[in-house]
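Heads up: the structure comes next, in structure tokens.
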Amino acid sequence: MLVVFVSYKVLAHASTLAYASSSVADEGCSATIDKPVKFSGEASSFGTSSTASALVGANISWDFSSWTSSDATAAKNATNRAIDFLAHWAADPSHRVLNTASFFVELAGTAPENNDRARAQVIAVNFTNGLAHRALQRMAKGTFGQLLGCRHDLLEVMQLLTYQAELGQKVEGMGPHGLLSRTKAEFKRCGACTSLPERGCKDPAELVDKLLAAYVIDEARYRFGESAFPTRKGHLAQALKMARAPFATSEVGVTDASKSSGFLQRFSQGETVGQSEAKLAKAFSMKALLATHIVFVLNGFDRFATQRSAAPEVIAWLRGAFPAILKSGDVELIGEVVASFRAMGCSFQEDAMVRAGARALIRAQRQDGAWGAEAHFATVRAKYGLKGEAYDVLHHVWTPTSALRLRRSLGDVGINGSAADAYGQHLRQALGVAELAE
């Protein structure tokens, strides 16, 4: 474990009141959230949704009641509608981006049902082949990296190649003119690809960018050999350590929820807010994004089991921030936080915040299986083009689906029943964590 904290108790402000979750440190999951806890010299109970609503505002309903078979059915149906929506949406090649392939590669490995995995495998192979062909064409024509930079395009292709390897596809074809060979050569000329944040960096956007880059590089080195993508020893572990450092303090932290819980909701829904409000809302959201992606790196993006104690200070921060996040109505952020709690082993049955978040996501789903407003997507399309819209639509569906769907761990078995994926063991060693699996 990289960081050990003596106390994980976090004090969070939501609306005008404060909330202290005493169960976060002791039990990992918030099963005892209905116990009376003291805050600001008063006492309250989270035992009912009405009491919780008073803490975070009248616009949100915190339903902490027990998870029922009806809830499980609703979550499963929402998941199936979401997958069907994305399969139909991405049938149009203009709607495909790398993360579209990521979604179906993830399902191909971790969906619990054989039929669901087989369907996702077919889609994932089709998408990754198409994206690889397009990347190779850009390299051959000399347009690779022209739009978003060589570093961005290289990291995307490296991620794509690891997906193909995970799916059992051949990636070594065409010799020196193949995608893997060209990517190796380009990587060795990309000094920015292996850079880390400056010492003491507190910018969540910079920290998450460098953490995800280090993760992509680490898995590519594992799949294709360390000499293929050379970097310093302990690169991923150092990136993770730097990403976790801001959670030792409360800067842009849960105490800012008292300031951001109101306008964060307006900001996430595209309403006009003041410049200072927008800045704080963005900083708060970016720190939450950093927190969730620390968890996702620890568990190989939902592929491997993870102990609840793997990043206690990060989970404690998310616990404290959750009231403001839920009140915001931001389905992407709610989905990522709930998925993070579940990644740490907290189930619908035992975790009150998981239940509240999941129910909010189920209520927010559109009839067609997607999440998000068409007016918002139209704005994104006008500003960033079709690819920008494709990513935004995909992410609005992927994040709630990750929070709601059932999954299996690849620590037990690989894609489609193959041998267990040993990358999980490598990841534990690379991160300096003795054991992540429960």
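The values are calculated or read from the model by the stated rules, or taken from the named source; none is laboratory data. Worth saying up front: this structure is predicted, and the values here are computed from it rather than measured. Counting neighbours? That spans all protein chains shown, and the Cβs are built from the backbone with ideal geometry, glycine included.
A compact table of results
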item	result
The range 92-149 - residue that is of a type in the set (Asp, Glu) and farther than 23 Å from ASP392 by Cβ and, of those, surrounded by the fewest Cβ atoms within 10 Å (Cβ to Cβ)	GLU113
Yes/no for CYS201 being in a loop (DSSP other than H, G, I, E, B), at pLDDT 90 or above and within 23 Å of MET242 (Cα to Cα)	yes
Answer residue from the range 162-191, given it is touching a Phe, Trp or Tyr at 6+ places or on another chain (Cβ under 9 Å) and of a type in the set (Lys, Arg) and is surrounded by the fewest Cβ atoms within 10 Å (Cβ to Cβ) among those	LYS188
Considering residues of the range 266-297 that are modelled with pLDDT under 90 and under 14 Å from VAL337 (Cβ atoms) only, the residue surrounded by the fewest Cβ atoms within 10 Å (Cβ to Cβ)	SER268
Condition broken by ALA356, with the remaining ones in (1) within 19 Å of ARG408 (Cα to Cα); (2) part of a helix (DSSP H, G or I) satisfied	(1)
Check on GLY369, on the phi > 0 side of the Ramachandran plot and at pLDDT 90 or above	yes
Candidates LEU212, LEU160, LEU207, LEU196, filtered to the one that is touching a Lys or Arg at 6+ places or on another chain (Cβ under 6 Å) and modelled with pLDDT of 95 or more	LEU196
Those residues of the range 375-388 which are surrounded by 13 or more Cβ atoms within 10 Å (Cβ to Cβ) and free of Cβ contacts under 8 Å to residues at least 24 places away in the same chain, in sequence order	PHE377, VAL380, ARG381, TYR384, GLY388
Hits in the range 192-221 (condition: more than 18 Å from the chain's Cα centre (by Cα), within 18 Å of GLU156 (Cβ to Cβ) and surrounded by fewer than 22 Cβ atoms within 10 Å (Cβ to Cβ))	ALA192, CYS193, THR194, SER195, ARG221
Condition met for VAL393 (of a type outside the set (S, T, N, Q) and touching a Cys at 6+ places or on another chain (Cβ under 7 Å))	no
Any hit, the range 340-353, residues being loosely packed, with under 15 Cβ neighbours inside 10 Å and either modelled with pLDDT under 90 or not aliphatic (A, V, I, L, M) (or both)	yes
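Matching residues to (1) touching a residue at least 24 places away in the same chain (Cβ under 8 Å); (2) in contact with a helix residue (DSSP H, G or I) (Cβ under 7 Å, 6 or more places away or on another chain):
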{"position": "GLU156", "(1), (2)": "yes, yes"}
{"position": "THR162", "(1), (2)": "yes, yes"}
{"position": "LYS170", "(1), (2)": "no, no"}
{"position": "SER181", "(1), (2)": "no, yes"}
{"position": "ALA192", "(1), (2)": "yes, yes"}
{"position": "TYR215", "(1), (2)": "yes, yes"}
{"position": "SER227", "(1), (2)": "no, no"}
{"position": "LEU236", "(1), (2)": "yes, yes"}
